[in-house]
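Below is one structure, written out as structure tokens; the observations come after it.
The values are calculated or read from the model by the stated rules, or taken from the named source; none is laboratory data. None of the values given here were measured: they were computed from a predicted structure. Calculation scope for accessible area: heavy atoms of the full protein, side chains included, ligands and nucleic acids excluded. Shrake-Rupley method; radii C 1.70, N 1.55, O 1.52, S 1.80 Å.
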Amino acid sequence: MSMELLNQFLNDAVNFTFTAIILALTLFALAAIWKWLIGVSIRFIHWLCPGLVRKKKNNSSDS
């Protein structure tokens, strides 16, 4: 009985580890996709309305 219990515990530990790794990778992938989508949408808005954002002036006299 104790070997079966130990075997079950090790199987559950391995399954939990694999599930946690897959979940973490999935969350990182979703974050990267959302970051990309937000960047694309901001660039599309800037392309659609080019005068919406003022460009920064490069003042070399400040330094």
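Results for (1) open to solvent by less than 90 Å² (accessible area, probe 1.4 Å); (2) at pLDDT 95 or above, shown as yes or no for each residue.
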residue	(1), (2)
Asp12	yes, yes
Phe18	no, yes
Ala24	yes, yes
Ala31	yes, yes
Pro50	no, no
Val53	yes, no
Asn58	no, no
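Do the conditions hold for Leu5, that is, is it part of a helix (DSSP H, G or I), modelled with pLDDT of 95 or more and not small (Gly, Ala, Ser)?
no
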